[in-house]
Amino acid sequence: MTRIATALVMIPLFAWIIVFAPFEVFRVTLVIVGALAYLEFHQLARRGSRMLGGVAPEALPGVVAGVALLYAPDPGLAAILIAVAAMTLALGAADLKDALPWAAALTLGVLYIFGAWRAAEEIRRISPHWLMLAMLLSWAGDTFAYYTGRAIGRHKLAPRVSPAKTWEGSAGSVVGAMLAGFLYAHYLIPGASVALVLAVSAIGNIAGQFGDLCESAFKRGAGVKDSGTLLPGHGGWLDRIDSSLFAVPVVYACLRFL
């Protein structure tokens, strides 16, 4: 019940922000959600992998770098400068064996979360409805995957990372995303060809499934069930947007190059 109540509040609010809010309200929302998700990523990195040995960058430099990436006129150059800055800051590590994982964790976290949000900005400039479709792919796909997996799921998709997921559920997710994308575009993006919408929906959903699996791997490596506790019934912010962090940049690439 808590999970449903949270969704009933969050989905209409974020749908309005994505489609109708003034651009600066939309961007500030990206900053807030990105910062909260980055803090959770930071905790996973600190708790986490044997490669990092428990080492993680302080959260503030990553948040500052992420906000700079959202506002930078040239995001490509900004990403390079963020990597340079991360390596420079790593020179201050108390133990120099930690310098590389420190810089790597900071750069990955910023590009993973705020890089995806910068792609969301670019999609919204093309059309808020394309961005809404990009987000819808994961929401609809998760629902179809759940019910398909429960009904006919037999073959494990990635048992080491997420034991409950099945290939049948994954296929159901793709089909559900294509159906949702087609219906949404039919009414709200009438100029888009059916072939483009179906291709973007399928590719974006598959990318989102990889995003979900990657975050599950981070959590399993850190020994935690959820990335946070800020969303009752849903875990943390990173848990809620993990699929979109992969789907959104891939949808943007499709719109740019298909």
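No lab work stands behind these numbers, since they all come straight from the coordinates. Keep in mind the model is a prediction, meaning the values are calculated, not measured. Please note: Cβ atoms are built from the backbone with ideal geometry, for glycine as well, and neighbour counts cover all protein chains shown.
Helix 194-222 and the longest principal axis of the C-alpha atoms of the chain enclose an angle of approximately 40°. The lysines within cross-link reach of LYS225, meaning a Cα-to-Cα straight distance under 28 Å and a gap of 8 or more places when in the same chain, are LYS156, LYS165.
With the helix formula -39500 (n - 2.57) applied to DSSP H stretches of n ≥ 4, the chain reaches a computed 222 nm mean residue ellipticity of -25500 deg cm²/dmol. Distance between the pseudo-spin-label points of ARG47 and ILE189 (7 Å out from Cα toward the beta carbon): 3.6 nm.
How about the stretch 145-238: which trypsin sites (Lys or Arg not before Pro) there are in a DSSP loop, with at most 14 other Cβ atoms within 10 Å of their Cβ?
ARG154, ARG160, LYS225
Reported to the nearest whole Å, the Cα centre-to-centre distance from the stretch 100-179 to the stretch 221-235 is 17. Note: relative contact order over the chain, using C-alpha pairs below 8 Å and six or more positions apart, is 23 percent.
Taking the C-alpha atoms only, the angle from helix 2-19 to the longest principal axis of the chain is near 90 degrees.
For the chain, the longest principal axis of the alpha carbon atoms and the long axis of helix 23-47 meet at an angle near 60°.
The lysines within cross-link reach of LYS97, meaning a Cα-to-Cα straight distance under 26 Å and a gap of 8 or more places when in the same chain, are LYS219. Neighbour counts of other C-beta atoms within 10 Å: give me MET10, MET178, MET132 arranged from fewest to most. So the ranking, lowest neighbour count to highest, is MET10, MET132, MET178. Each residue in LEU231, LEU60 was given a count of other beta-carbon atoms within 10 angstrom of its own, and listing them fewest first yields LEU60, LEU231. The fewest-to-most ranking of LEU30, LEU183, LEU136, LEU106 by surrounding Cβ atoms within 10 Å reads LEU183, LEU30, LEU136, LEU106. Set against the labelled values [x] 58, 53, 38; [y] 56, 44, 34; [z] 60, 42, 34, Cα extents along the principal axes in Å computed from this structure falls on [y].
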